[in-house]
Amino acid sequence: MPRFSARLEATELKLLDSKSLRVRLRVRNTSDRLWPAGGPVFLAYQVLDGKAESLLAEGRRTALEADLPPGGEAEATLDIELPPEQGAYRVLLSPVEEPVAWFYQRGSECLALEVRVDSGGVRVSQRRLTAAARRAERLRRALARLLTAPFITIARHRPLIVSMVRRDIHGRYRGSVAGLVWTVISPLLLMLTYFFVFALVLKVRFGPGPEAAGPVNFLLYFVCGMLPWLAFSEALARAPSVMLEHKTLVTRVLFPVEILPVNIACAGLASGFFALLVFLAGLLLFRHGIPVTALYLPLVLLPQVLLTIGLCWFLAALGVFLRDTGQFMSFLLTLWFFATPICYPETALPASTMAVFGKNPVYVMVRCYRAIFLDGTAPPWGMLGWLAAGGLAAYLLGFAWFYKSRKSFADVL
């Protein structure tokens, strides 16, 4: 028989007042050892938050009145003090061996009282919880938080995110002569530099035929490929240092730090939006219209946003513990850019490498953008589905990593 094993049953539940319960217990020693009277095995309870299961309080220890041998039964009375606030609570009743462990934490079953305190009074129900049931319940709660918490966080703090992104964009160019015009000038100058090198000097072309031979076609395909890259790379480049930049908010102020990586992802999207306006103007100028397939853009943009925010959460947390993350990302983004067919056609890649390069999420985004804006077709659904699945996974797991790590941020910073 196991060392920590007991069976409890509530024979009587009595409400003393609105904030306390009296529980008459019958306890059976199902372990392999004697429980001496007076300890070290006591009966006690813990009060947990009903939703998060965080520990709120522990009750006093109640000693056994007589020795309890293996297989023996005894009765005891516990007076349980409930929190003064209204809400849902869980009270776990279990033997505890001082100073070793609570029995239920070592695999024994326990008695759980589900208590709800509201203006209508106190409602109590009881059930036994085995160790397996508690593990399954914790897993179910963790999965529920994993699937909902990232979306709830952004929805709850949406006004603050909008305000901080606006302030970030304005502050970035405060004091400069051009001001916010730099949000257009910066990506434009970058794209003109690559255009000069690849289109005019190296004479790279997209597609066969005389129409594809001109620099205008290269310009359209190149700028279209840069649209997802600008928003994606800007956010990932800033993510490793975002917690250090807002050190005061992290260490001294009660602030939802999980929105800081979201802010830089949204700021990157703002830069991508201005580049999109420039590109659409180019379509109107050179192709005299925007294809109707451009309406597919939200379907491509959603997994792009999820992927970007998820990676920003991951890098922001990693940057707190590993300060070299920013330098590494600078190198990785440069490698990532040239490994993606943005400034050269994908036919330039060896066919044998496409099985690997085809899993590049930026390559998928570039293919989708070019399909809907330049080729007049729907995005490749298989690749888009893979991007959506990867983006959602990165979003959920990135938030889980950030949420798990943030408790240590203040100590490290």
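Structure summary
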{"quantity": "Of residues in segment 39-64 being among the charged types (D, E, K, R) and within 21 Å of Phe4 (Cβ to Cβ), the one surrounded by the most Cβ atoms within 10 Å (Cβ to Cβ)", "calculated": "Arg61"}
{"quantity": "Every residue from segment 72-123 that is in a loop (DSSP other than H, G, I, E, B) and of a type in the set (A, V, I, L, M, F, W, C)", "calculated": "Leu82, Val100"}
{"quantity": "Count of segment 345-372 residues which are closer than 14 Å to Gly225 by Cα and either of a type in the set (A, V, I, L, M, F, W, C) or assigned to a helix (DSSP H, G or I) (or both)", "calculated": "13"}
{"quantity": "Qualifying positions in segment 53-81 - under 18 Å from Arg22 (Cβ atoms) and free of Cβ contacts under 8 Å to residues at least 24 places away in the same chain", "calculated": "Glu58, Gly59, Arg60, Thr62"}
{"quantity": "Options Ala294, Ala235, Ala265, Ala270; residue that is part of a helix (DSSP H, G or I), touching a residue at least 60 places away in the same chain (Cβ under 8 Å) and under 24 Å from Phe331 (Cβ atoms)", "calculated": "Ala235"}
{"quantity": "Residues being in a loop (DSSP other than H, G, I, E, B) and either hydrophobic (A, V, I, L, M, F, W, C) or under 18 Å from Arg116 (Cα atoms) (or both) - total across segment 21-58", "calculated": "7"}
{"quantity": "Whichever residue in segment 112-123 is touching a residue at least 60 places away in the same chain (Cβ under 8 Å) and farther than 20 Å from Leu43 by Cα and, among such residues, is surrounded by the fewest Cβ atoms within 10 Å (Cβ to Cβ)", "calculated": "Gly121"}
{"quantity": "Hey, Ser54 at pLDDT below 85 and hydroxyl-bearing (Ser, Thr, Tyr) or not", "calculated": "yes"}
{"quantity": "Hits in segment 349-366 - residues which are surrounded by fewer than 21 Cβ atoms within 10 Å (Cβ to Cβ) and either within 30 Å of the chain's Cα centre (by Cα) or modelled with pLDDT of 95 or more (or both)", "calculated": "Ala355, Val356, Phe357, Gly358, Lys359, Asn360"}
{"quantity": "Residue within segment 322-329 that is in a helix (DSSP H, G or I), among the acidic types (Asp, Glu), free of Cβ contacts under 8 Å to residues at least 40 places away in the same chain and surrounded by fewer than 16 Cβ atoms within 10 Å (Cβ to Cβ) present", "calculated": "no"}
{"quantity": "Subset tally (residues that are under 16 Å from the mean Cα position of the chain (by Cα) and among the small types (Gly, Ala, Ser)) for segment 99-158", "calculated": "4"}
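Listed here are the residues, each with its yes/no results for (1) among the polar types (S, T, N, Q); (2) in contact with a helix residue (DSSP H, G or I) (Cβ under 7 Å, 6 or more places away or on another chain); (3) surrounded by fewer than 21 Cβ atoms within 10 Å (Cβ to Cβ); (4) not assigned by TED's automatic domain parsing to the domain that holds Val362.
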| position | (1), (2), (3), (4) |
| --- | --- |
| Glu234 | no, yes, no, no |
| Ala237 | no, yes, yes, no |
| Leu260 | no, yes, no, no |
| Phe273 | no, no, yes, no |
| Val292 | no, no, yes, no |
| Gly310 | no, yes, no, no |
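The values are calculated or read from the model by the stated rules, or taken from the named source; none is laboratory data. In this text, all values refer to a predicted model and were calculated from it rather than measured experimentally. We place every Cβ from the backbone using ideal geometry, glycine too, and count neighbours over all the protein chains shown.
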